[in-house]
1. Assuming R0 = 22 Å, can you tell me the calculated FRET efficiency for the pair K74 and Y102, based on Cβ-Cβ distance, to the nearest 0.05?
2. Using label points projected 7 Å from each Cα along Cα→Cβ, tell me how many nm separate R52 and Q2, to one decimal.
3. Output ³J(HN,Hα) for region 57-69: one whole-Hz value per residue in order, computed from phi by the Karplus curve 6.51 cos²θ - 1.76 cosθ + 1.60 with θ = phi - 60°, and x for Gly and Pro.
4. Taking K and R as +1 and D and E as -1, what net charge do the other residues with C-beta under 14 Å from the C-beta of N82 add up to?
5. Tell me the relative contact order for region 1-59 as a rounded percent, counting alpha carbon contacts under 8 Å between residues six or more apart.
6. Per-residue HN-Hα couplings for region 110-117, Karplus 6.51 cos²θ - 1.76 cosθ + 1.60 at θ = phi - 60°, whole Hz, x for Gly and Pro?
7. At a 1.4 Å probe, what is the % contribution of carbon and sulfur to the accessible area of the chain?
8. In square angstrom, what is the accessible area per residue of the chain with a 1.4 angstrom probe?
Amino acid sequence: VQLQASGGGLVQAGGSLRLSCAASGSISSINLMGWYRQAPGKERELVARITRGGSTVYAESVKGRFTISRDNAKNSVILQMNSLKPEDTALYYCARGSGSSYDFCYWGQGTQVTVSS
C-alpha cells in the first residue's frame, strides 16, 4: 500500500492547514498510521500516530494544536494542524505499519509546510 500526502503550503503563524494522506489500497487491516516531519538540518521526527482502534499519540511540541484521524472506508489519514508556528515548518510524510505491527515500515512522499512569522 503506497501513500501520497497532500495539503501542504505556505501559511502565516497562527493559521491552519489540513494534510491528507491517500492510500493506494485498503488501510483497514493496517494497525498503525501516522505522520512524520523533517525540517532542514534536523532528523525526522514522529508528529502523530493513530492505531486501528483510534488510539493516538502526539509529539509534545504539537499536543493541543494538531489532530490526527483516519477514515478506513476512504483509505485516508488526516492531520489537522491549528495554531501553526514557524518551527512547524518541515516536509511532512505520511507513514504506515504492516498488519498488526506497532512499528512503521513505509513512508510516502512528503508535502511541504512552511509557516511564516
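1. On the way: r = 23 Å, r/R0 = 1.05.
FRET efficiency, K74 to Y102: 0.40.
2. With each label placed 7 Å out from Cα toward Cβ, I get 2.5 nm.
3. Going residue by residue, I get 9, 10, 5, 4, 5, 10, 4, x, 10, 10, 9, 9, 8 Hz, with x marking Gly and Pro.
4. Details: positive: R18, K63, R65, K85; negative: D88.
Here the count lands on +3.
5. On the way: 77 pairs, mean separation 14.4, N = 59.
Relative contact order of region 1-59: 24 percent.
6. My calculation for region 110-117 gives x, 10, 7, 10, 10, 10, 8, 8 Hz in order.
7. C and S fraction of accessible area: 46 percent.
8. On the way: 5880 Å² over 117 residues.
It amounts to 50 Å² per residue over the chain.
The values are calculated or read from the model by the stated rules, or taken from the named source; none is laboratory data. This one's a predicted model, so the numbers in the text were calculated from it and none came from an experiment. No Cβ is skipped: glycine too gets one built from the backbone with ideal geometry, and neighbour counts run over all protein chains shown. We work out accessible area using only protein heavy atoms, side chains counted, and drop any ligands, DNA or RNA first. Shrake-Rupley method; radii C 1.70, N 1.55, O 1.52, S 1.80 Å.
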